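The block underneath contains the structure these notes are about, expressed in structure tokens.
The values are calculated or read from the model by the stated rules, or taken from the named source; none is laboratory data. What you see is a predicted model, and the numbers here were worked out from it, not measured in a lab. Neighbour counts run over all protein chains shown; Cβ positions are idealised from the backbone, glycine included.
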Amino acid sequence: MSLVSELGLLRAIGMRSGQVAQMVAAESALIAVIGAVLGSALGLALSAVLADAFTRSQQATVSISAPQIAAYIVAVAAVSVLEAIAAD
């Protein structure tokens, strides 16, 4: 079922356009946050492997900032909600 027909069906069974827009925004934010979390987890895993290899050969330390990663995930959620609102 295409998105247009799905949204049309929701409107036909009684959802208001504001409710549909809110649902689309929430779905967009959820998908974006899941993508950001999975991407961050995979990125952290890869960076940990690379940092381990680098520190073994160069006697250096590598730090990963949890607040920066959390800020990135929050920013992704905010941008996705704004994009969903703007697309409406």
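Residues are listed down the side, and each one gets a yes or a no for (1) farther than 24 Å from Ala86 by Cα; (2) within 23 Å of the chain's Cα centre (by Cα); (3) surrounded by 11 or more Cβ atoms within 10 Å (Cβ to Cβ):
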site	(1), (2), (3)
Arg11	no, no, yes
Arg16	no, no, no
Ala21	no, yes, yes
Leu50	yes, no, yes
Ala66	yes, yes, no
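Take the residues of the stretch 30-88 that are in contact with a helix residue (DSSP H, G or I) (Cβ under 8 Å, 6 or more places away or on another chain) and not aliphatic (A, V, I, L, M): which is modelled with the lowest pLDDT?
Asp88
Residue by residue, here is whether (1) of a type in the set (A, V, I, L, M); (2) farther than 25 Å from Gly18 by Cβ holds:
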| position | (1), (2) |
| --- | --- |
| Ala29 | yes, no |
| Ala66 | yes, yes |
| Ser80 | no, no |
| Ala84 | yes, no |
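List pairs: first residue in the stretch 34-52 and without any contact (Cβ under 8 Å) to a residue 60 or more places away in the chain and at negative phi, second residue small (Gly, Ala, Ser) and in a helix (DSSP H, G or I) anywhere in the structure, Cβ distance under 6 angstrom, at least six positions apart or on different chains.
Sorted first by the residue in the stretch 34-52, then by its partner, the list stays empty.
All but one of (1) over 22 Å from the mean Cα position of the chain (by Cα); (2) within 16 Å of Leu3 (Cβ to Cβ) hold for Ala26, so report the exception by its number.
With (1) over 22 Å from the mean Cα position of the chain (by Cα); (2) within 16 Å of Leu3 (Cβ to Cβ) applied to Ala26, the lone miss is (1).
Residue check: is Ser5 hydroxyl-bearing (Ser, Thr, Tyr), out of contact with any helix residue (DSSP H, G or I) (no Cβ under 8 Å at 6 or more places or on another chain) and at pLDDT 85 or above?
yes
Please find, within the stretch 8-29, the residue that is modelled with the highest pLDDT out of those that are closer than 25 Å to Ala78 by Cα and β-branched (Val, Ile, Thr).
By that ranking, first place goes to Val20.
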